[in-house]
Each structure stands twice: as C-alpha cells, then as structure tokens.
1. For region 30-90, what's the relative contact order in percent, using C-alpha pairs closer than 8 Å and at least 6 residues apart?
2. Output ³J(HN,Hα) for region 39-52: one whole-Hz value per residue in order, computed from phi by the Karplus curve 6.51 cos²θ - 1.76 cosθ + 1.60 with θ = phi - 60°, and x for Gly and Pro.
3. Using alpha carbon centroids, what distance separates region 81-114 and region 1-38, in Å?
4. Can you list the trypsin sites (Lys or Arg not before Pro) in region 23-127 that are in a DSSP coil and have 16 or fewer other beta carbons within 10 angstrom?
5. So if each residue of separation counts as 0.36 nm, and I subtract the Cα-Cα distance between residue 108 and residue 47, what length gain in nm does that give?
6. At 1.4 Å probe size, what's the solvent-accessible area of residue 70? Round to the nearest 10 Å².
7. Can you send over the solvent-accessible area of residue 13, 1.4 Å probe, protein chains only, in Å² to the nearest 10?
8. In square nanometres and to one decimal, what's the mean projected area of the convex hull around the Cα atoms of the chain?
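The values are calculated or read from the model by the stated rules, or taken from the named source; none is laboratory data. This is a predicted model, so every value here is computed, not measured. Ideal geometry is used to build each Cβ from the backbone, glycine not excepted, and the neighbour counts take in all protein chains shown. Side chains are part of the model used for accessible areas, which takes the heavy atoms of the whole protein and leaves out ligands, DNA and RNA. Shrake-Rupley method; radii C 1.70, N 1.55, O 1.52, S 1.80 Å.
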Amino acid sequence: MSFTGKYELQSQENFEPFMKALGLPDDQIQKGKDLKSISEIVQDGKKFKVTVTTGSKVLKNEFTIGEECDMEMLNGEKVKALVQMEGDNKLIATLKGLKSVTELNGDTITHTLTMGDLTCKRISKRI
C-alpha cells in the first residue's frame, strides 16, 4: 500500500492541550486549530517526503524507514527521529518523548500523537 497522495485534515481531538504541552504559544495554537492543513506524502520504497502546509506554515520532513534522521517538530525544534513501518500501512516514529503513529486505511490517514498521558488524534482524507 502506498502512502503517496495529498490529504486534507477533516477532524482533530485534543489539539489545543497537546500543542500547549509541546510548548507552542497560545496565539499560534488558536490560529492553527481552525486551519485545514494539507499533507502531501511522496513514498518511494522506504524513502518518504512529507510536506504539511497549515496556512502559511510549511513543515517538510524526509526520512527512510529504519534509519535515524533529523526531523522538524511542530514547534520548529529539530530532533533526531527513527521511523519504523508496521505491516504495509502503519508508520511509527519516536522523537524526543513523542510517539507518532500514522495509519493509512483506504483514503483515510489517522495520525495519533502521544506524549506521556496526552494524546492528539488527527484524521485526514485523500483529496
């Protein structure tokens, strides 16, 4: 199953408390919570390019499954990350105390972020 495509955010749960815990300022959280973000994923075998555009903010990350890489977090911080693939439709990344699980089912991507006992869930549909 290929992740390649463009996906538009449909819904999210716990966005505000999660972003606050990440250290984002309140004004950025308020601006970001109502914007429809577009994720573009290009998969070439084990190599991935992910571009997330939310309003004027563009976050780009590239990684190869099973290899440590540098990633930019939502708060702009650059961290070391390792992305693994489970089955053919689930990406699991661990970066600085944060666990990110991206699962593709048909045309829907469910992105679950967990930090401690706080979880943020974002659901996007292929466009």
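1. Numbers: 91 pairs, mean separation 12.7, N = 61.
About 21 percent, as a whole number.
2. My calculation for region 39-52 gives 9, 10, 10, 10, 10, 10, x, 9, 9, 10, 10, 10, 10, 10 Hz in order.
3. Distance between centres, Cα-based: 15 Å.
4. Values: sites: 31, 33, 36, 46, 47, 49, 57, 60, 78, 80, 90, 96, 99, 121, 122, 125, 126; in loops: 36, 46, 96.
The qualifying sites are 36, 46, 96.
5. 19.9 nm
6. 90
7. Looks like 110 Å² after rounding.
8. Projected over every direction and averaged, the Cα hull of the chain covers 7.0 nm².
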